[in-house]
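K.L.:
The structure follows.
Derivation of every value follows stated rules applied to the coordinates shown; laboratory data play no part. Just so it is clear, the structure is predicted and the values come from calculations on it, not from any experiment. Counting neighbours? That spans all protein chains shown, and the Cβs are built from the backbone with ideal geometry, glycine included.
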Amino acid sequence: MSAANAEHLAREFFRRVWTPPHDLTAIDELMAPDYRITTAGKVVEGRDAFKAWVADMQRLVSDATNEHLELITNATGTRVVSRWITRGYNNGMFGLSANHRPIAFTGIAIWRVEKERLAECWVERSALELFNHLREQDGD
């Protein structure tokens with residue numbers, strides 16, 4: 001797979017899954033059947049489990065959008081790295097009150113690409129900073 005094709009997969013994932021109307025069926029097309037993501041120390045395995053995880057995240061961050069700030073691929077197209085930002089409205093992140101105020105948090109995703117699909121992902125995000133910000137808002 002070329003670097004351009006790998007980049008296209010990542011862009012399509014953000015455009016179709018993380019931009020309204022949030023087409024979760026695109027996951028079947030873009031991700032390998034045994035797709036796995038490691039995020040916040042948790043491993044989610046399989047496309048169906050990943051769809052459920054994404055749907056849950058989209059419930060917690062309503063009107064969620066995810067934007068690539070920077071996208072890097074290796075020469076062989078087997079790795080794609082995205083530095084991104086998610087924006088939306090707090091609908092109860094971290095079990096805190098759903099105050100529906102605007103939120104934003106950043107992160108980095110590293111995907112492994114195999115057989116022209118996203119096969120695995122590792123995500124780190126600014127969760128502690130977001131938690132502290134939301135907790136401060138709860139005190140308002």
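K.L.:
Normalised by the residues of the chain, what does the relative contact order come to in percent, with Cα pairs under 8 Å and at least six apart?
P.N.:
25
K.L.:
Here's another thing I want to ask about it. Using alpha-carbon pairs under 8 Å, 6+ residues apart, how would you state the relative contact order of the range 1-78 in percent?
P.N.:
On the way: 79 pairs, mean separation 34.9, N = 78.
Relative contact order of the range 1-78: 45 percent.
K.L.:
Report the trypsin sites (Lys or Arg not before Pro) located in the range 79-140 that are in a DSSP loop and have at most 10 other Cβ atoms inside 10 Å of their Cβ, or state none.
P.N.:
Passing sites in the range 79-140 are K115.
K.L.:
Collect residues whose amide H, placed 1.01 Å from N in the peptide plane, falls under 5 Å from the amide H of R79; neighbours closer than 5 in sequence don't count.
P.N.:
Result for R79 returns N74, V113.
K.L.:
Can you give the helix-only mean residue ellipticity at 222 nm for the chain, where every DSSP H stretch with n ≥ 4 adds -39500 (n - 2.57) and the sum goes over all residues, rounded to the nearest 500 deg cm²/dmol?
P.N.:
-10000 deg cm²/dmol
K.L.:
Moving on to the next point. Excluding D23 itself, calculate the net charge of residues whose Cβ lies under 11 Å from the Cβ of D23, where each Lys or Arg counts +1 and each Asp or Glu counts -1.
P.N.:
Its environment carries a net charge of 0.
K.L.:
Can you give the Rg to Rh ratio of the range 93-140, both from alpha-carbon atoms, with Rh computed by the Kirkwood formula?
P.N.:
My calculation of the ratio gives 1.19.
K.L.:
Taking the Cα centre of the chain as origin, work out the dipole magnitude from +1 charges on Lys and Arg Cβ and -1 charges on Asp and Glu Cβ, in debye rounded to 20.
P.N.:
The calculated dipole for the chain is roughly 100 debye.
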